[in-house]
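Participant: This is the structure I want to talk about, given as C-alpha cells.
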Amino acid sequence: MTRLLAEYPTADALVGAVRVLRDQGYRLEAYTPYPVPELDRALAAPRSRLSYAAFLLGIFGAAAAYGGQWLISAYLYPIDVGGRPLHFPLAFVPITFEMGILATALGAFAAVLVLARLVVLWDPLFEVDGFASATGTGFWLEVRAGEPDVDADIRADLAATDPVRIAEAGGPP
Amino acid sequence: MSSPSPSLAEPLTDVLTRVEIRRRDALKLLGAGIALAKAGCMQAPGEEVLPYAHKMPELSPGAPLWYATSIVLDGYATGVVVESHEGRPTKIEGNPAHPASLGGTSAIQQASILDLYDPDRARVVELAGMPSSWARLAEQLGALPPGPLWLVLPPQSSPLVAGLIARIREGHPGTRVVYHAPLGRGAAYRGAVHAFGAPLEVQLDLTRADVVVALDADLLGAMHGAVRWARDFAARRHLDAPTDTPVRLYAIEPMVTPTGSLADHRLAAPARDVLPVATALLSELGRRGRPVPPLPPVAASVGLPPERLRWVRAVADDLIAHAGRSAVVVGDRQPAACHALGHWINAAVGALGATVRLTAAALDEPLGDATLADLAAAARAGQIGTAAVLDCNPVYASPPALAIEAALRAVPLTVHATPQVDETSRACQWTAPLAHYLEAWGDARALDGTVSFVQPLIRPLYGSPSTVEILAALAGLRGKTGRALLREPWRPRLAAAGPAFDQAFERAWTAALGDGFLAGTAAPALPATPTAALPAALVAELDRVLAPPADDRLELALAGSPAVHDGRFADNAWLQELPQPMTSLTWSNALLVSPRLADRLDLADGTVVRIRSGDRTLLAPALRVPGHADGSVTLELGYGRRAPDQPIADGVGVDGFALLGADGALIVPAVDLAATGQRRRLARTQLELDDHGRDLALAARLDDYRRDPDFTREHRGPLPSLLPVPERTGLQWAMTIDTTICTGCSACVIACQAENNVPVVGADGVRRGRAMHWLRIDRYVARERVVHQPMLCQHCEMAPCEYVCPVYATSHSPDGLNEMTYNRCVGTRFCSNNCPYKVRRFNWFHYNRPETTAALQHNPDVTVRDRGVMEKCTYCVQRIRGAEIQARMERRDVRPGEVVTACQQACPTGAIQFGALGHADTPMVKWRQQPRAYAVLHDLGTRPRTMYLAAIRNPNPALDNDEDEP
Amino acid sequence: MTPTAAADPILVGAPTPGELQDQLLATTWGQGGRGWRIAFAIAGALTLLLFGCIAYTVATGIGVWGNNVPVAWAFGIINFVWWIGIGHAGTFISAILYLLEQRWRTSINRFAEAMTLFAVIQAGLFPLLHLGRPWFAYWLFPYPSVMGVWPQVRSALPWDAAAITTYFTVSLLFWFLGLVPDLATLRDHAPTRRRRILYGLLALGWRGSATAWRHYRAAYLILAGIATPLVVSVHSIVSSDFAIGLTPGWHSTIFPPFFVAGAIYSGFAMVLTLVIPTRAAFRLKNVITVRHLELCACLLLVTGLLVAYGYTVEYFIAWYSGDEAERYQFFHGRPFGPGSFVFWAMLACNILTPQLFWSRRLRRNVRVLFVASILINVGMWAERFVIIVQSLQREYLPSGWRGYAPTWVDLSILAGTLGFFSLLFLTFLRLLPFVAVAEMKELRAELAHEDAAHRGPA
C-alpha cells in the first residue's frame, strides 16, 4: 500500500484539509511541529488512555513501598530502635509517597514511548523530500489508501485541498 | 649529652665493637617486639609469679588473670590488682583488701599501665650517648672511682631498699642519700617533730568523723592516702535518707580542689594565709577553754579580716561540739609550723587517738639524709666521686638556683637510671633504662605502714634493670635477680626457723604475693600527745612566718598536677589529655586566677602572662577559675618539660619549677603579673561552667532536703507519651551516680579509657571539640559552688539517637543497653546531633595506631574502632557478657553486684553504682529509690537508665544565714 | 492566564516560526563566545578543585572538615539543603506554572529544569561526602545483603535517599520528555552529519504525528501533575532531617512549609542569577523579556514574605513553648552566640532584599534584580547555616556548648560545587536549545490567534 503525503503552510490549512478529507472517509494522520488542539477534534481522535497505565503503576509502587517497609522493619529483621513500634505507619508515609510518585513517572514515560511509537531509528517518512519541515515550520497530512487503483482519486482529492506539495512514502516499517 | 670524662676515655675500637654487639641485641629486641605485637601476647615471666588468690581461675586462653602488685609513688605503696591477658598486662584495678586502696584507684594509678607500653621508653644502656650494656654498667657500678657516693632517689619505704642502702653505706663509707620529691612531705614530718619530737605519720580515720577541716589539704584528691580517705569520707557523706546527718567539711584553700569543691564551707584564701587561720583557730579553741599551749605574742598580732574570723569561730564551735568526732587536716605544702599547730588543734578537740592516730612514718629517714642543695654544694666543691640518680629527674624538678645540671656535670661518674631519657639523663654519663613496676620485684610500705609487694607481670620488655637491681650492683651483690634479692630478707621474717622452714616460707611467700601485701603489718598507733608548750624552734618559725607580709603582693601557689604529678607522668598521653578537675584543661597547665583578679589585670582565658618572682620570670597562659582566691594565683607543676626523647611531654605547658625558690617551698610569697600581648588557645573540654539556670545538676542544703525531700519530683517519674512505652523483660541494666560524694577526681575517666581502648586525639583535637572520652565529668559552678556530674551514655529507654540512625548501627538490646554496632556504622553523625547529653564520640580520623607498642595495652575484649564510626559508653558490655557467660557455665543467674563497670570499680568514693534493676537489694537500686534521685533532662522523655542523686550539702547554720540556695 | 495584553508582551515582536526557530537554535549551532570560554575555564578549574578535595577528604578522613561534637553537621549538610532548595524553582516553573497555564513560563522552563537537574546533582554529592565511611553509602538503600540487615526507615535519612532519587529521576524524565520534539527539530536541521546522528539518537525517532502529540501531552500533563506534589514533598522531607530531631531550633512543626517556601525563594533567585546574563549573552531579550524577570521578582517578594513569616512563627513558638533551651537558642544563641553575624546577614538578605520589589521600577531594573538575586542566594545559604550550625552550638547541656569554624576544605568544596554547577550549565547552553522551541512556536501561534481575535471586531 502507499502513503500519500501533503504539506500545508499553516495549521489552519491543515485542519481545514483534514475536515474535508475525513468527510470523504479517508484514514488520516497529521504531522505538526507543535501540538494543534483543533487537529484532534478534526481527526476525532479518542482521548489518550496513557493516564490509566501511569495511575496503576503509581498505586502499585506505593503499595510495594509500604509493604516493603513493613517487611524489612517489622518482619524480616525486627530490631528495637529507641523503643519505637516496629510497624510505624507514620514513619512509613514519606517513602511510600515518594515511591508512588516515582512509579507513576516511570509509568507515564514508558507508556508514551510505547503509545507514541517512539524509540525507532528509521521511518519511511524520513525518506520523503522536505518532510523535515514537519519538525520545523511545515504541517503535513498523510492519507492511507486501501487500493492502489483508487490512487488517482486520492491525489485528486488531496490536490483539491491545495497543499504546498504532495509526496509519496513507502509502507509503514 | 656530656662528653665522657677523661677517666672514661677508651679506644674507639672498643666503642665500635660494643656498638656492634648492641646492634645485634637491638635486632633481637626488635624481632621480639614484632613477635609480641603480632601474637598480641608474650612469654610468661621465667620466674614464678603468683596470681591474685581470690580471683584466680585456671589459666585458659581468652580468660584474663589478675595479679596483685603495688604502685609506689613518692615512697607510698598502693595495692593494685592487674588484669593480664595471656601474659599481657592491660588494666589496673584497686586491691579491695589493701588498706591504701580498698578497691579504689587514682587517675594516675589507672594510667600507669600505659607507661609500660610507652613507645618513648628508654631501651638501651648508654654511655655518653653510645650504646652500652647493662653488664658493663654493672661492672662500672662494681668499681666506682674514688670519692664519696651520692644516691638521688625518690623517698623510700621499702625494707629491701633500706637494707641495700645500709650495705652500700658499709661498702662505701660517707655515702649520702638524697630522697628527692618535689612534692614531698618533709614539712609534715618536721611539723610532727615540733609537736611530738619525732617525725610521726598522721593516720586519719574519717569513718568516725562528723566534722573535718581541711587546711589547704586536698585530702580527697591529691594527698597520699586520698584514695582510702575518699572512700572513708564518702561512707560518712552519703545519705540513705533525709534523716541521715552527713559529715560536714570545711576547707580553706587558694585553688578549688576536689576537696574544696565538696566543702560545705569553703574559704578561698591564699595558701600563706592558712597558717594565720590555724593560729587563730588554736587560740579560739583556747578561748573556749580547750587545752592549748600558750601561744607566742606574734600569734596575737594576727589580725584576720572579719569574715575569716567569723569562719574560724564557727569552725572552732563546730569542732568542739563534735569533740572526738572531728579532725583537722593540714596540706603537705604548708610549712612545718602549720602542721605542728594542726597537731595541737587535733589534740585540743580530742581528735588524737580517735579520728586521728599517730604512727611511725612509713618512709625510711622521713626527714631525709642530704638535700639537693647539699649535693649541689658538694659537687661544686669536688667532694663527690659518683652520683647515681635513680628513678627521678632532679635537673628538671628542682629549684633553678641549685643548678643541678651543672653540679652533676662536675661529678666524675654520673649514672641515671630512668624509665625515659629526660633532662637529667643529658647531664649524666651513663643512662640506664629502668624497669616499669610491672616488670620489677620489690616491696614498699603503704601510708599506714602495711608492707606491700611489687611483683612483675611481664619480663622486662627491654631487659631493663630495676632500682633494686641497680642498688644491689652498687652494694656489690652482682648477678642477683630482683626476685632473689627480695626473697632473701623476707625468708626470716615470713617463717619461723625450724625443720619445715622451707615449705613454711614458700607457703607464706605464696600467700603474701597472692594478697599483694602482708595483713596486720600496719604501724601501731603511738600514744602521742603534743608537748605542753610550743618548742623554741616552732616559736622562732612562727615569728618568722607569721609576720604579716610587707605589702599585699600576689602569692604564687605551686601545686602538683592532678594528671602528671611532678612531671614524671608527663609523657603519658592519657594523663596529658585528662581534663583537669575544675578547669577541664588538657595538654597544658595554666596560671589559674580568680575572675576578679583576671578582670583587674584584664586577663582573658589564654592571655599570656609574664610572672616575675625576684629575678626569675616565666610566661604562662592565664585561665579564670571561679572560686579561686583573689590574693593568690596557682600554677601546676610537671609541665614545660624539655625532653626531646619524650615527644608527648616535650614543650607541653610551662615549667613552674622555674619559679621555685632555692628552699623549694611551693608557696612563693610575692610575684608580679604582667599581661603580654600574646594569646594561647587552651585545649579545654568544657567551655561553659554556668548552668544558665537550667536544672541539670541538682543540689540542696540538708535542711531544705529534710523540709522538702521530694524536691526532684519534676525530674523523675512517668511522662505522658504518644508512643507506647517499651516493655523489656529480663535483667535490665542501669546506673546510679551520687553527686553528693563525687569529688571530680577523674579516676573513672582514665579507667574507662583503659578498659575500652579509647584513643587520644591530641591538643588540637581537643581544641576542635573532638575529645574521645566516653565518660566525662561535667562541672557546673553556681555562686562558687561546684557540682560534679559524671556524664556518660544514659542508655535511654526511648533513645533519641537510635531512631535517627538510617542503618541500625545503634539499637537497643533486650536488657536495656543502647548498643553501637561499629561495623554497621556509616558515620552520618545524626545520632550525635540527636543526643541531648552529647556523649557520643566520633572517629574523625584513624585515631587507633596499631603499629606502636601502646597498642599492646588494648583490651582484647573490646573492639578497636575504625575511622569514620561513632562510639560511646557501652556500660562496659564486655564485662556484662563475661559475667553472663560465667553464670551460664555455672548454671546460675548473674548475681547482684557481679557486674562492675570500669568507672565504678575505679571510683575512690564509690559514687558510681551499676547493676540490674531486678536486684532490689543492691545500692544501685536502693539509691535510685531515694527521694533525691533524678534523671538529667527528664522532661525530654528519653527515659534515661542512668539516674543521679542530687548533691546534698550540710552547711553550718551559724555560717549559713547569708548563703542562698546552692 | 496573566493579562498579557495589558502588561508588556512575553514575546516581543511577531517573528515568523522560521525566524523564531533559527534564533532559538542558533545557540546550539553557533560558536561559544569568548566570555563563554572564560567562564567555562573558571568553572572547570573549580570542578577540579572540588574533586581534589573530595579525594583528599575520603583518603584522610572527614576530620579535615571543621565539624566537631556538638556541631557534627555543618557545611556538608548546609550545601546539601541549599542546592536542593535551588533545584525547586525549576520544577515549580515547569510543573506548577504549567498546571496554572502561566504562559510566560514557556520561555524559561527548559532553562529552569536544567538548573534543577544540575543543582540536584550538586546536592546529591553531600549525603555521600559527609559520611564517615562514604564507601558504605549504599547501606542506606534496601539491597539484599548477606547479613539480612536493611535500612532503618524510621530515620529521616532513608526518606531523603528516596526523595532525592525520585526527585532527580522525575526531573530528568520531565526535562527529557520536553526536549524530545526539539531534539527532532535539531535532528532535521542539523548542519553536520555528526550532530544529525547525535540528536537523531536522542530524538527517539520523533515524527510529530498527531497521535504522538496526543499521548505526549497526556504524559507531560501527568508528569507535571505529580511533579507538583513531589516538589512540595522533597523539601518537606529534607526539613524532617531536622524536624524529627529534638535539638532546640530543629524540633519544629513549621519546618516543612517553611523549608518549601525557602526553597522556591532561593530557586527563583538562582533563576534570575542565571537568566539575566544568559539572555544578554545570547541576545534573547525578545524571548526572555523584562516581563519574565518582573514576574520572577513578584514571586521572590511573595516567597520572601512567606520565609519572613516562618522566622516570626519560629520565634513566637520558641517564646510560647516556655522551653528554656528553645528560648536560649532563639533569643541568645543565634543573635548573640558564636557566628551571630551569619544570623544578622540572613535577616538582612532574606527579609530586607525582597522588600525592594514592592516598587515596579526596581522590579524591572535588571541590575537591581541581579544583585538582589545574589544577595538572596547568600541569605538562604546563611539561613541553613543558622539552622544547622547555630542550633547545634547551643543545645541542652551547657557543658557541651562549643563553637564551629570551617576549614579550607569546607570552603573549597562549596566553591567547587558552584564551579561544577556552572560547568554543567555552560555545557547545556551550548548543546541543547535552552528555550523550548516547539512550545515557543505553539505560544507564538496562540498569540497570533489572539491578535487576530482582538483585531477582528475592530
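Values in this text are rule-based calculations from the coordinates and carry no lab data. Just so we're clear, the structure is a prediction, and the values are computed from it rather than from any experiment. As a convention, Cβ positions derive from the backbone with ideal geometry for all residues, glycine included, and neighbour counts pool all protein chains shown.
Participant: Rank these for me by crowding, B:332, C:182, B:960, going from fewest to most other beta carbons within 10 Å.
Facilitator: B:960, B:332, C:182
Participant: Angle check, please: helix C:255-281 long axis (alpha carbons) against the longest principal axis of chain C (alpha carbons), in degrees 0 to 90, nearest 10.
Facilitator: 50
Participant: P(r) for region B:94-194: what percent of alpha-carbon pairs falls in each 5 Å bin, starting at zero?
Facilitator: 3, 8, 10, 13, 19, 18, 13, 10, 6, 1
Participant: Could you tell me which residue out of B:937, B:689, C:161 lies farthest along the dipole of the protein assembly as shown toward its positive end? Charges go on the beta carbon: Lys and Arg +1, Asp and Glu -1, centred on the Cα centre.
Facilitator: Checking the options against the dipole of the protein assembly as shown, the answer is C:161.
Participant: A further question follows. In whole percent, what relative contact order does chain A give with Cα contacts below 8 Å and a gap of six or more residues?
Facilitator: So the answer I get is 49 percent.
Participant: Separate question: Measure nothing but the geometry: give the 0 to 90° angle between the long axis through the Cα atoms of C:366-385 and the longest principal axis through the Cα atoms of chain C, rounded to 10°.
Facilitator: 30
Participant: Using alpha-carbon positions, what is the distance between the centroids of region A:66-87 and region B:183-220, in Å?
Facilitator: Here the answer is 64 Å between Cα centres.
Participant: Right, next: Which FRET efficiency value, to the nearest 0.05, is calculated for residue B:723 and residue C:305 with the Förster distance at 41 angstrom and r the Cβ-Cβ distance?
Facilitator: For R0 = 41 Å, the calculated efficiency reads 0.65.
Participant: Using mean Cβ contacts within 10 Å as the protection proxy, how do C:116-126, C:75-85, B:258-268 order, highest first?
Facilitator: Values: C:116-126: 22.5, C:75-85: 26.2, B:258-268: 24.4.
Ranked by mean Cβ neighbours within 10 Å, highest first: C:75-85, B:258-268, C:116-126.
Participant: What value, in deg cm²/dmol to 500, does the helix sum -39500 (n - 2.57) over DSSP H runs of n ≥ 4 give at 222 nm once divided by the residues of chain B?
Facilitator: The per-residue figure over chain B is -8000 deg cm²/dmol.
Participant: Under 37 °C and 0.692 mPa s, how fast does the protein assembly as shown diffuse according to Stokes-Einstein, given a Kirkwood radius computed over C-alpha pairs? Answer in µm²/s, whole number.
Facilitator: It diffuses with D of about 86 µm²/s by this estimate.
Participant: So what's the angle, to the nearest 10 degrees on a 0 to 90 scale, between helix C:34-60 and the longest Cα principal axis of chain C?
Facilitator: 30
Participant: Right, next: Just how far, in whole angstrom, is region B:384-437 from region B:624-675 if you go by their alpha carbon centroids?
Facilitator: Each part reduced to its Cα centre gives a spacing of 22 Å.
Participant: Translational diffusion coefficient, Stokes-Einstein: compute it for chain C using the Kirkwood radius over C-alpha pairs as Rh, at 37 °C and 0.692 mPa s, and state it as an integer in µm² s⁻¹.
Facilitator: Approximately 140 µm²/s, per Stokes-Einstein.
Participant: Something else now. Would you mind giving the mean number of other chain beta-carbons within 10 Å of the Cβ of each residue in A:84-95, as a whole number? Provide the component values of the computation, followed by the final result.
Facilitator: Values: counts 10, 4, 1, 0, 4, 0, 3, 10, 3, 3, 12, 10.
What the average comes to for A:84-95 is 5.
Participant: What does the structure give for C:161-172 when I average, per residue, the other chain Cβ atoms found within 10 Å of the residue Cβ?
Facilitator: That average works out to 4.
Participant: Given H placed on each backbone N at 1.01 Å, which residues far from residue A:139 in sequence or on other chains put an amide H within less than 5 Å of it?
Facilitator: A:8
Participant: Something else: Rounded, prolate or oblate: which one fits region A:50-115, using the alpha carbon gyration tensor with axes a ≥ b ≥ c (rounded when a/c is under 1.5, else prolate when a/b beats b/c, else oblate)? Don't skip to the end; give the middle numbers.
Facilitator: Values: a/c = 4.26, a/b = 3.32, b/c = 1.28.
Taking the square roots of the gyration eigenvalues as a ≥ b ≥ c, region A:50-115 is prolate.
Participant: Counting just the Cα atoms, what span does chain A cover along each of its three principal axes? Round to the nearest Å and put the largest first.
Facilitator: The Cα atoms of chain A stretch 82, 28, 28 Å along the principal axes, largest first.
Participant: Could you work out the mean count of beta carbons from other protein chains within 10 Å of each residue's beta carbon in C:183-190? Please report the intermediate quantities before stating the final value.
Facilitator: Values: counts 1, 5, 7, 1, 3, 8, 4, 1.
Mean shielding count: 4.
Participant: Please give the residues of region B:355-385, grouped as numeric ranges, whose backbone N is less than 12 Å from a label point set 7 Å along the Cα-to-Cβ vector of residue B:488.
Facilitator: Those under the cut-off are none; the list is empty.
Participant: Against the empirical 2.2 N^0.38 Å scaling, what ratio does the C-alpha Rg of chain B come to?
Facilitator: The reported ratio for this selection is 0.93.
Participant: Then there's this: Using a 10 Å cut-off around each Cβ, can you sort B:90, B:634 from fewest to most neighbouring Cβ atoms?
Facilitator: In increasing order of surrounding Cβ atoms, one gets B:90, B:634.
Participant: Beta carbons within 10 angstrom, averaged per residue: use that to sort the peptides B:410-420, A:123-133, B:718-728, highest first.
Facilitator: B:410-420, A:123-133, B:718-728
Participant: Using only C-alpha positions, report the orientation-averaged shadow area of the convex hull of region B:287-359, nm², one decimal.
Facilitator: 5.5
Participant: A follow-up question, please. How much of the DSSP beta bridge set in the protein assembly as shown is antiparallel, as a percent to the nearest 5?
Facilitator: Within the protein assembly as shown, antiparallel bridges account for around 65 percent of the total.
Participant: Helix-only estimate, please: 222 nm mean residue ellipticity of chain C, summing -39500 (n - 2.57) across DSSP H runs of length 4 or more and dividing by its residues, to the nearest 500.
Facilitator: Calculated from helices alone, the mean residue ellipticity at 222 nm is -22500 deg cm²/dmol.
Participant: Among B:483, B:491, what is the fewest-to-most ranking by other Cβ atoms within 10 Å?
Facilitator: Numbers: B:483 18, B:491 14.
Fewest-to-most ranking of B:483, B:491: B:491, B:483.
Participant: Let me ask you something else. Would you mind computing, in nm to one decimal, how far apart the modelled labels at residue A:160 and residue B:543 are, each placed 7 Å from Cα along Cα→Cβ?
Facilitator: Simple spin-label model gives 14.6 nm for this pair.
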